[in-house]
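Input: a single structure, listed below in C-alpha cells.
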C-alpha cells in the first residue's frame, strides 16, 4: 500500500494530464503503427491476406534504384528547402514584429500562400509561373535572357518545389511571431539604455530567447519535409517526373502501395524513413543543449 | 535632435513598407488571380491572358453554391464549421494537458514518452491508412465524423504538444513558486498560470487546427462518403475529374468563398497573438 | 487577468462554432446515419423472390454504389439512382463518388478495409488488380438467377468483361479510341482531313504538314510514345500480330515491335513535329481545359470517342471529328472493346439487389434516357437505338464512330497482376529516350528485362 501511495504521489498528476494522449497512443497510434510494422515483413497486396516474407522487403529496397533516387530527391528537398524556408520565415517575422502601420493586414497577406495548402490551384499557378511560356521566362526574356522549362527539366524541377516550400512559409512565420511575443519588452528597454545597437539586440536578446521556437520549427519542418507528398503529387500529377526528379520518398511509397498494390513493400519503405527521420531528429536534439536556451 | 531622429525613423519605415508591400504582392497574387477567375465566363478562364474579366459573371457562384442533388454548399460549410470547431476544442484541451505534463510535471518515464510522441509523427500516413480504416470500420464509425474528431481529443497530433511544450518551457519557473506559495496545486498551476501564459501557443494551435482541418481532404475523403456529411474540402474536389471535364469556374468560386472563413479566423485570432503576453505582463 | 477573460471568450467562440452554427445540420446527419444502419438490421426476414421486386413484402436492403466522374456525371447518376429507388422502394442506394484519382484511392482502402461498396464502377486498367485478387463477384451467378438480363448485349461486349472466362464486369457504355481533330484548324492551315483508315505514315505526314503550314507554331500531336500502355502502343502491338500480354501473363510483344514504336516517335521528335520532352512533361497532366490540343498547340489528339463532346465544348469554332487509330499497312486490326463497367464486389451482402440495380442501369429506358452516352455508347443494342434521337451532334458523331469501329474489334487478353508496374517501366524508359538520357536500344533492353522481372 505504502509504495502504491508513493508512486501515486510522484506520478499521479503527471499521468492524469497525460491520460488522453496515452489513450490515443495505445489505440489510435500504436495499433496502426504496429500493423504497418508487421506488414513491412510481409507481402501484402491489400485485398488478400498478408504473407510473411521476413526481411525480403528490406533487402530488395537496397537494390532498388528508384528508391535510392527518391531518397536523394527528398534529402535535397529537406536540407536545402527547410533552412531557406526558416530563414525567410524568421526574416519576415522580424519585419512584421515591429510596430509598423497595417501590420495586421501584412501578416494576413503573408499567410495567404499557406492558406492554399495543397490546392489544385497551386498546380495551375506553378505552370503559369515556371512553364515554358510562364511568367518567369517572360520576365527573363524582357532582359534578354533565354529561359527554360523550369518545371519540366530534370535538373531544375526540384527547385520549383523548393520555391513552393519557401513560399508557403506561413506556419513557421506564425510560430516565430508567437515566440517573439514572449520576449519580455523590459529586456529591450534595458539594453537600449545600455546603448546596444539593433544587431546586437538581435544577437544577444532576441535570438537566444527565441531558440526554443527555432528549435521547434527546425525539428517539425524537417519531420514534415521528409514526408512531403502533396506538392510533388499535385505538380507532377502523381508521377514524380520529369525523369523521377521530383519523386519524393513518400510519393514513391504511395505509388508502391496504392498504384502497384505492394503495401508490404511500402510499409518497409515507411519504416526505413521513420528510422532516418528519427536519426536526424535525435541529432538535432543532441546538439540542442548547446544552443537552445530556456528561461526555466 | 528629437525631430531629426523621428524623421530618419520615418524614412526607414517607409523603405520597409515598400519592401513589405512588394513582397506582399507576390504572396497575394494567386488569391487575386483566383478571385478574378471566379468571375470570368468558363471559356475565358484559360483562354484570356488578361487579369481582369472581360465580362463579369456570377454564374459560377450560383452554380457552385447549388451543390449537388439538393445538398447545397451551405451545408458543406455548416458541416465543416462543426468539424473544425470540434477539432479545435479537442486539440487545445488535450494537447495543452499533455504539454503541461511534459513541460512541468515530474513523473517516471517522462523522456521516453516524449520520444515516443515524436516517433509517432515520423511514419508516413499512407501506410497507416488501411489499419486505421479497418479499426474505425470495426467501430462502425465510417461515414461519421468520429474518425476525424476523436484523434484530436486524444492528442494524436504531437506537433501541437511539442509546440505548447516549447512555450511552457519559456515561462520562468519563479512564477510557479508564486502560485505554489498561495497554496495552489498542479491543477491550479495549469489553469491559472500555464494556460493564460501560453496563450500565444494555444492560439497558434487553434489557427493551425482550423486551417489544416479545413484543408485536409484525404482523411475526409476516406471516412466521409455521404454527400449530406460532405465538408468544403470534399465539395471542392467534386468539381474535378482527371478523366473528364473540370468545373473550374465553380471550383474557383467556391474556393474563394472557402478562403473567407480562413482569412477571417486568421485575422481574428492573430490579434491575440500580437497582444499575447506583452500586455498581460510577465509579473502576471 | 485580462487573459483569462479572453481565453473564456475563445472557448465560447469554439463552442458557438460547434453547437450554434452547425449544430442543427450536424445532428440531422447523425440521425439519418443511424436510421440507415437500423434499416440494415431488419434484413433477416423472409427471403423475397427476386421477381416480385416492387412488391411491398420485399425485404428492405441498402446497397452502396460508387463511381468516378465530373459534376455533370454526378448529376446524371444521382438522377438515375433516384429513379431506381422509385421503382424499387425497398432498396436504398447510397451514393459515393469522386474524381478519377480519389476514386481509386478510396476504393482500394475500402476494399482492403472490408467495407467495399456493393456496386462499383470498374475500368479495364484496374480490373485485373481487383478480379485477380478475388475482390469481385462472378456476375454469371446473378445472370443465371435472372436479376441481371444481358440478352440484348452483343456477345463481344459481354466478353470484354470476362477475365479467364469469368464475368467480372458489365459495360455501362462501350467506347473506342481514335484521333480527334478540329475541322476549323485544319481548314485554316489548309491541311487535308485525315482519312478514316489512315496509316502511321499518313499520321507522320499530316503531322509534318501541320507543323510546316503553321510556320512551326503548331505541333502535329502530343508525344504518345510513353505514358500508358494502352491504347496507343497496344494498338501498334496488336496490329503487328502481338499484344501487351499473353494468356499466361507474360509480356506479349517483342523487342522489335517496341523498338519500331519508339523509333517512329523519336523521328517525329527529332523533326520537331511533336513537342520536346520538357513541354510534353509540362502538359502531360494538364487538365483537359488546358492541354496542348485545347490550347491550340497541337492539331491531332488521341482520345476515347465518348469524350468528343467534352472537347467540342472547348472550341468556339469548328467541329471535332475523329478517325481510327492509324493502321499498319498489311497488319491486323488493333481494335478491341473498351468501356466503362459495373461490377459487384465479393464482399457485398446484397448481390441480388446490386444486380437489380445494374440491370436497371444498363437496360431500362428510364436510366438510359439520362445516361445517353455519358461513358460510351450503351452496350444494350435496343438501348443504343433508343438513345440515338436524344443526342446532340457531337455525341451522335461519337456513337457513329464507335459503331463503325466496333466491327473491327477482336477479343483482348487481360493484364496480369503487376501491369501497373510494367506500365511505370514503360513510361520511364520512353521518357528517358525523350530527354536523351537513353538510346532507344538501351531503353528497349532495360524495359524488357525490367518487365520480365516484374512478371515472374
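With respect to the numbered conditions (1) closer than 28 Å to residue B:258 by Cα; (2) touching a residue at least 40 places away in the same chain (Cβ under 8 Å); (3) within 7 Å of another protein chain (Cβ to nearest Cβ), which one is the sole condition not fulfilled by residue B:145?
The single condition residue B:145 does not satisfy is (3).
Is it true that residue C:451 is closer than 20 Å to residue A:239 by Cβ, within 14 Å of chain A (Cβ to nearest Cβ), part of a loop (DSSP other than H, G, I, E, B) and touching a strand residue (DSSP E or B) at 6+ places or on another chain (Cβ under 9 Å)?
For residue C:451, the condition - closer than 20 Å to residue A:239 by Cβ, within 14 Å of chain A (Cβ to nearest Cβ), part of a loop (DSSP other than H, G, I, E, B) and touching a strand residue (DSSP E or B) at 6+ places or on another chain (Cβ under 9 Å) - is not met.
I need the full set of residues from region B:167-191 which are in a helix (DSSP H, G or I), more than 8 Å from every other protein chain (Cβ to nearest Cβ) and surrounded by fewer than 23 Cβ atoms within 10 Å (Cβ to Cβ), in order please.
Answer for region B:167-191, where residues must be in a helix (DSSP H, G or I), more than 8 Å from every other protein chain (Cβ to nearest Cβ) and surrounded by fewer than 23 Cβ atoms within 10 Å (Cβ to Cβ): B:174, B:175, B:176, B:177, B:178, B:179, B:180, B:181, B:188, B:189, B:191.
Among the helices (runs of 4 or more DSSP H) lying completely within region A:147-236, list those that include at least 2 residues that are modelled with pLDDT under 90, in contact with a helix residue (DSSP H, G or I) (Cβ under 9 Å, 6 or more places away or on another chain) and under 30 Å from residue A:120 (Cα atoms).
Answer list for region A:147-236: A:170-180, A:230-235.
Go through region C:292-302 and count every residue that is surrounded by fewer than 21 Cβ atoms within 10 Å (Cβ to Cβ), in contact (Cβ under 8 Å) with a residue 24 or more places away in the chain and on the phi < 0 side of the Ramachandran plot.
Number satisfying all stated conditions: 2.
All but one of (1) free of Cβ contacts under 8 Å to residues at least 40 places away in the same chain; (2) away from chain A (no Cβ under 14 Å) hold for residue C:289, so report the exception by its number.
(2)
Which ones in region C:395-418 are assigned to a helix (DSSP H, G or I), under 19 Å from the mean Cα position of the chain (by Cα) and surrounded by 17 or more Cβ atoms within 10 Å (Cβ to Cβ)?
C:395, C:398, C:399, C:401, C:402, C:405, C:406
Restricting to region C:87-131, what's the tally of residues that are closer than 25 Å to residue A:238 by Cα and either assigned to a helix (DSSP H, G or I) or in contact with a strand residue (DSSP E or B) (Cβ under 7 Å, 6 or more places away or on another chain) (or both)?
30
Can you name the residue in region B:47-65 that is closer than 17 Å to residue B:255 by Cα and at the interface with chain C (Cβ under 10 Å from one of its Cβ atoms) and is also surrounded by the fewest Cβ atoms within 10 Å (Cβ to Cβ) among such residues? Don't jump to the end; show me each part of the working.
As a first pass, look at region B:47-65 and keep what is closer than 17 Å to residue B:255 by Cα: B:57-65.
Checking the rest, the ones that are also at the interface with chain C (Cβ under 10 Å from one of its Cβ atoms) come to B:63-64.
Details: B:63: 17, B:64: 26.
Only one residue tops the list, namely B:63.
For the structure I just gave you, tell me whether residue A:24 is within 11 Å of chain B (Cβ to nearest Cβ), buried (at least 16 other Cβ atoms within 10 Å of the Cβ) and closer than 30 Å to residue B:165 by Cα.
yes
Inside region C:147-250, counting only strands (runs of 3 or more DSSP E) that do not spill past its ends, which hold 3 or more residues that are over 28 Å from residue C:137 (Cβ atoms), in contact (Cβ under 8 Å) with a residue 24 or more places away in the chain and out of contact with any helix residue (DSSP H, G or I) (no Cβ under 6 Å at 6 or more places or on another chain)?
Fully inside region C:147-250 and qualifying: C:177-182.
State the number of residues belonging to region A:93-111 that are touching a residue at least 12 places away in the same chain (Cβ under 8 Å) and either facing chain B (nearest Cβ under 7 Å) or under 18 Å from residue A:164 (Cα atoms) (or both).
So the answer is 3.
This table checks each residue for (1) more than 7 Å from chain A (Cβ to nearest Cβ); (2) in contact with a helix residue (DSSP H, G or I) (Cβ under 8 Å, 6 or more places away or on another chain).
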{"position": "B:77", "(1), (2)": "yes, yes"}
{"position": "B:81", "(1), (2)": "yes, yes"}
{"position": "B:88", "(1), (2)": "yes, yes"}
{"position": "B:92", "(1), (2)": "yes, yes"}
{"position": "B:97", "(1), (2)": "no, yes"}
{"position": "B:101", "(1), (2)": "no, yes"}
{"position": "B:106", "(1), (2)": "no, yes"}
{"position": "B:111", "(1), (2)": "yes, no"}
{"position": "B:115", "(1), (2)": "yes, no"}
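The values are calculated or read from the model by the stated rules, or taken from the named source; none is laboratory data. As the structure is a computational prediction, the values presented were derived from the model and not from experiment. Virtual Cβ from ideal backbone geometry, glycine too; neighbours counted across all protein chains shown.
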